[in-house]
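A short worksheet on the structure shown next.
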Amino acid sequence: MKRLVVFFLIWLANVAIPQAAVADAVEVVIGGQSAQIELPDGYCAMSAFDSADARLIRFLIAVNRGINTVHLAFAECAQLAAWRLGSDVVLFDYGYVATPINLESTPVNMTRPDYVEAIAQSFNAQGVSRLERGLAEGEERVRELVPDLEIGATQHLGIISEDDNALYLGLVQKLKTGTDASVVVLGSFANTTLNNRATTMYLYTEFSDKALDGLVARNRDLVDRTIATNEP
């Protein structure tokens, strides 16, 4: 039976998935250093040893080789269980933790708030701006964009949130599933540091009213709890 997944073809490559399939915290190695990733509540780690997970992992490696090392992929546990059983489900709620290949072994050597500000300035230089009203403005942009989104089109929402731990960017994309239905998916990218290495933590969910607010809250919880666990 055909398995359906909604995903973004952005900054993914060289996936190295831990063996644990279900866990609250999963160990990864970033730049030769061990770190514990505190999964969001209700999420389970994907495994390269599961045939369904491995199919997606191989695809991600093939289409994104040479950009990032993806240390961990995970998904909402109920959706992941159905995916593994071969059900015709859409894997909306998933995420991953990655580091840019060219920065993986390079210490950041600055405080996390300084790194967040440097990343913000870099995105601003690329034309990605801070939203004046953050998530509220981001929600408005999503509602405006959805009616005119074309299949496969990606629209960046800009910098939707920022604190001393991370810089959060958002996007919205319309995709077509294997049943030819169109779906709209939101993404939140948290740019941070972990054990003095550049790290990005990604989360996705299906579009709905106030979904962006909840998505960023889960992403922030993922970042904050992971930092607290590794750097008490």
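Values as computed for the structure displayed
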| quantity | calculated |
| --- | --- |
| Residue in the stretch 79-87 that is charged (D, E, K, R) and farther than 30 Å from K176 by Cα present | no |
| Top-ranked residue in the stretch 49-68 [being at pLDDT 85 or above and touching a strand residue (DSSP E or B) at 6+ places or on another chain (Cβ under 9 Å); ranked as surrounded by the most Cβ atoms within 10 Å (Cβ to Cβ)] | N68 |
| Subset of the stretch 143-186 that is of a type in the set (A, V, I, L, M) and in contact with a His (Cβ under 9 Å, 6 or more places away or on another chain) - its residue that is modelled with the highest pLDDT | L169 |
| Near pairs, Cβ below 7 angstrom, 6+ apart or cross-chain, from the stretch 69-88 (farther than 18 Å from N219 by Cβ) to any residue that is hydrophobic (A, V, I, L, M, F, W, C) and part of a helix (DSSP H, G or I) | T69/I101; W83/A52; R84/A52 |
| Selection count, the stretch 187-232, where residues are basic (K, R) and under 14 Å from the mean Cα position of the chain (by Cα) | 2 |
| Yes/no for E132 being part of a loop (DSSP other than H, G, I, E, B) and either within 16 Å of L212 (Cα to Cα) or free of Cβ contacts under 8 Å to residues at least 24 places away in the same chain (or both) | yes |
| Near pairs, Cβ below 7 angstrom, 6+ apart or cross-chain, from the stretch 216-232 (farther than 17 Å from I160 by Cα) to any residue that is of a type in the set (V, I, T) and not in a loop (DSSP other than H, G, I, E, B) | T226/I37 |
| Failed item in (1) free of Cβ contacts under 8 Å to residues at least 12 places away in the same chain; (2) under 23 Å from A54 (Cα atoms), with G127 passing the rest | (2) |
| Subset of the stretch 32-48 that is among the hydrophobic types (A, V, I, L, M, F, W, C) and under 15 Å from W83 (Cβ atoms) - its residue that is farthest from the chain's Cα centre (by Cα) | A48 |
| Complete set of residues in the stretch 106-116 that are in a helix (DSSP H, G or I) and without any contact (Cβ under 8 Å) to a residue 12 or more places away in the chain | D114 |
| Tally of residues being under 19 Å from I159 (Cβ atoms) and of a type in the set (F, W, Y) across the stretch 88-137 | 2 |
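Here is a yes/no grid of residues against (1) in contact (Cβ under 8 Å) with a residue 40 or more places away in the chain; (2) of a type in the set (K, R):
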| position | (1), (2) |
| --- | --- |
| D164 | yes, no |
| K176 | no, yes |
| S182 | no, no |
| A190 | no, no |
| Y204 | yes, no |
| S208 | no, no |
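The values are calculated or read from the model by the stated rules, or taken from the named source; none is laboratory data. Predicted, not measured: the structure shown is a model, and the values here were computed from it. Methodologically, a virtual Cβ is constructed for each residue, glycine included, from the backbone with ideal geometry; neighbour enumeration extends over all protein chains shown.
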